[in-house]
Amino acid sequence: MASALHNLSDYDFASVPNAADMRFGIVVSEWNSKITGALLQGAFDTLTLHGAKEENIIVKTVPGSFELIFGSAAFVNSGKVDAVIAIGCVIKGDTPHFDYICQGTTQGLSELNATGKVPVIYGLLTCNTMEQAEERCGGMLGNKGDECAVTAIKMVDYRRNLISL
Ligand code: DLZ
């Protein structure tokens, strides 16, 4: 679980495989676009930092986090990417809507991740306040986009290693 001590941008650089021959799809929710834009930037920069070519990173937007499921499935089924990163941000409101969107989106992405041909990386911020989201998209707790990029590269490498066994 996240804690005040864990910075989402901290990782062991040397443990990340080179991503020069990897292709990535990033699906970004338009809701809370200031936050999701910063998450996207973090993911994009970290992928390229580890060798991914810009032309091999396809970015698509969807209206809200709930649509990340369909958007990610479309990438998975396209056969054009080696991993998908789903980026969204849900902020708690006055009604239970928050819970339904978080649960529905998480379940949908989980099922896709478990059953699809390529990994789907969970880049959904589920926050009680906008301040919590700002802390996690480049603020004092780092950027979850960085974490998602590193995870995507490692999972592509994981799958390739299994296939080559
Ligand atoms: C409707 C809604 C609400 C209230 N809040 C958010 C949010 O904080 N973050 C987000 O990504 N999306 C939100 N949405 C939109 C839903 O994800 C979805 O787009 C709509 O319910 C239509 O399916």
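Bear in mind these aren't lab numbers, they're just calculated from the coordinates by the rules spelled out. Keep in mind that this is a model prediction, so the values were computed, not measured. Virtual Cβ from ideal backbone geometry, glycine too; neighbours counted across all protein chains shown.
Some observations on this one:
- Cβ-Cβ under 7 Å pairs, at least 6 apart or on other chains, segment 72-88 side within 13 Å of THR61 (Cβ to Cβ), far side within 15 Å of the ligand (Cβ to nearest atom) and among the hydroxyl-bearing types (Ser, Thr, Tyr): ALA86/SER72; ALA86/TYR122; ILE87/SER29; ILE87/THR36; GLY88/SER29; GLY88/THR36; GLY88/SER65; GLY88/THR105
- If you go through segment 14-28 and pick out every residue that is over 13 Å from ALA43 (Cα atoms) and within 11 Å of the chain's Cα centre (by Cα), you end up with 0.
- The combined condition, being in contact with a Cys (Cβ under 8 Å, 6 or more places away or on another chain) and surrounded by fewer than 19 Cβ atoms within 10 Å (Cβ to Cβ), is not fulfilled by LYS144.
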